[in-house]
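Encoded as structure tokens, the structure appears first; notes follow it.
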Amino acid sequence: SDQSKYNENRKDQNLETFREHPEEQYLTTNQGVRIPHTDDSLKAGERGPTLMEDFHFREKIMHFDHERIPERVVHARGAGAYGYFQVYEPMTKYTKASFLQDPGEQTPVFVRFSTVVGSRGSADTVRDVRGFATKFYTKDGVFDLVGNNFPVFFIQDAIKFPDMVHAVKPEPDSEMPQAATAHATAWDFFSLMPEATHMTMWLLSDRAIPRSFRMMEGFGVHTFRFVNEQGKAHFVKFHWKPVLGAHSLVWDEAQKMAGQDPDWLRRDLWEAIEMGDYPEYELGVQIFEESEEFSFAFDVLDPTKIIPEEVIPVQRIGKMTLNRNPENFFAETEQVAFHPGHVVPGIDFTNDPLLQGRLFSYLDTQLIRLGGPNFAEIPVNRPLAPVHNNQRDGYMRQTINTGKTSYFPNSLGGGCPMLAPESAHGYVHYAEKVEGQKIRSRSESFMDYFSQATLFWKSLTPPEQEHLVEAAHFELGKVPSKEIRERMVGLYEHVDHELAVRIAEGIGVNIPTNNPRPGVQPPSGKRTVEQSPALSL
Ligand code: HEM
């Protein structure tokens, strides 16, 4: 279109006529001036002071001095890879998302795996949640599935996220401990937040020390919506199932690897791809009717709950293959900007209060991390779909917009072209009906904090249970405050008596005698784990 011609860099096109492509490649400044000598600065006399006019020195040092950008406030350490996604069967019945229609079509992806707590240089194999973020470059724009390797989260409302992250990050006075859960502030917070109990069980389990990014599940965590061409919505939970299966290290291995090869997971991913042993993950969905929203013993908007696979089976609808390492870690893996708000027609949100808060947070943080509002122009972030709008200027603008108009509507031509009708896959938000009073509160339907933690504990094999108890001895055993250790055991008592006894034994506390169960009991007569029929695809 005319507009895409505008968006091409016409200055480069003009200059191309004059550009030379010499065979030899010489060292140059950023202005293209060839440099014959780069080992000594320009001085007044052999032993004299360096001169201000040494433009080569000044440019080289200036650039070096500014090589660092802030690391991500969470998920700072990560490893990325490119690949593609292919759906098995058209998902037309449930969603109009273009990348879920044609089994013959490959949609390019970029994935970034990460730890959450540690800084950019921390060890890979620490006990932590892992991020599993996928950018789909679809024909209808970018869709980011920004998930973790656990299906639940610590907190129910995004307003608690700064508190949670402050508690698990290194402590503010000493900047210790680095990337470890074994510290007082983390357990202090968890012990005061009964809603975190389910997630702490995952954190103490072998799931928190994956053997490889290739052998790790991923979860979208929140309930999302699929919307089809007719405007009908279904609820959906997203899963990634690694074709190699889910495998973990044991704690002794994880600790040794953190010392012997802190890059263990990063290296494993890189080398597998280099060798052509491409990691593969099937995309799974749990789909259910909007009319089923209130049929469960938990709230589907509560991100501390799973929908048990026995209740709604996971249907595998496609496969992602990672087949190319990035060329440059900084340009691609560090500068990639994921955002749960990057959705495409056919995918929509729910009112999960954690998701709603995330929809604000990611763009906000990227504004500073990536130096201004133009980070969508960085190659790894650029959609494949054409971009036309009236956004202009700002730090680091690359696009050379032409013409006089940058407003809509206009009658002078140029600027923003016409609006896309819905039939051209224009994004229209799902018209969910909402009403209510403004109120700072939480629904009682979120307040059963323990049933699913119990379910998780009971789903583990005896060796897995033993690992979890040993992990609790290691992590909680290092918390100096007896009060915190006791409060934690008090919470685990509401999960399972035997679990609480076994943990208490190893950390020098007793189960508290005065230990009322926080929250509410699950409602009776609703769906928990009994079998129920799957919706056919
Ligand atoms: C980064 C997942 C909750 C704020 C990330 C990343 C992942 C992730 C995978 C790393 C993205 C990358 O590789 O670049 C999740 C999941 C959550 C969750 C699954 C809960 C279900 C939250 C909440 C907030 C938040 C509640 C804030 C209200 C952030 C921020 C970053 C981040 C600020 C850094 C982004 C950047 O600098 O580019 N999250 N997160 N997250 N998350 Fe979350």
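Worth a mention:
- Subset of region 194-227 that is in contact with a strand residue (DSSP E or B) (Cβ under 7 Å, 6 or more places away or on another chain), of a type outside the set (A, V, I, L, M, F, W, C) and in a loop (DSSP other than H, G, I, E, B) - its residue that is farthest from the ligand (Cβ to nearest atom): 211
- Among the residues of region 297-334, those that are touching a Phe, Trp or Tyr at 6+ places or on another chain (Cβ under 9 Å) and under 29 Å from residue 444 (Cβ atoms) comprise 298, 299, 300, 301, 302, 303, 304, 305, 306, 307, 311, 312.
- In region 303-341, of all residues being in a helix (DSSP H, G or I) and charged (D, E, K, R), the one that is farthest from the ligand (Cβ to nearest atom) corresponds to 332.
- Region 342-388, subset free of Cβ contacts under 8 Å to residues at least 24 places away in the same chain and in a loop (DSSP other than H, G, I, E, B), residue farthest from the ligand (Cβ to nearest atom): 382
This table checks each residue for (1) of a type outside the set (Ser, Thr, Tyr); (2) within 9 Å of the ligand (Cβ to nearest atom); (3) at pLDDT below 95.
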residue	(1), (2), (3)
78	yes, yes, no
83	yes, no, no
90	yes, no, no
100	yes, no, no
107	no, no, no
143	yes, no, no
150	yes, yes, no
167	yes, no, no
174	no, no, yes
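- Scanning region 31-52 for residues that are assigned to a loop (DSSP other than H, G, I, E, B) and surrounded by 10 or more Cβ atoms within 10 Å (Cβ to Cβ) yields a total of 7.
- Among the residues of region 65-75, those identified as farther than 18 Å from residue 381 by Cβ and more than 8 Å from the ligand (Cβ to nearest atom) are 65, 66, 67, 68.
- Any hit, region 480-503, residues being touching a residue at least 12 places away in the same chain (Cβ under 8 Å), in contact with a strand residue (DSSP E or B) (Cβ under 8 Å, 6 or more places away or on another chain) and of a type outside the set (Gly, Ala, Ser): no
- Residue 393 exposed (fewer than 14 other Cβ atoms within 10 Å of the Cβ) and either more than 15 Å from the ligand (Cβ to nearest atom) or of a type in the set (Lys, Arg) (or both): yes
- Residue count for region 18-68, restricted to those that are within 30 Å of residue 370 (Cα to Cα) and of a type outside the set (D, E, K, R): 15
- Residue in region 242-263 that is touching a residue at least 60 places away in the same chain (Cβ under 8 Å), more than 16 Å from the ligand (Cβ to nearest atom), part of a loop (DSSP other than H, G, I, E, B) and of a type in the set (S, T, N, Q) present: no
- Search result, residues across region 500-509 that are in contact with a helix residue (DSSP H, G or I) (Cβ under 6 Å, 6 or more places away or on another chain), farther than 17 Å from residue 454 by Cα and not small (Gly, Ala, Ser): 507, 509
- Residues located in region 125-141, provided they are outside any strand (DSSP E or B), among the charged types (D, E, K, R) and within 14 Å of the ligand (Cβ to nearest atom): 128
The values are calculated or read from the model by the stated rules, or taken from the named source; none is laboratory data. Predicted model only: the values in this text are computed from it and were never measured. With ideal geometry, Cβ positions are generated from the backbone for all residues, glycine too; neighbour counts draw on all protein chains shown.
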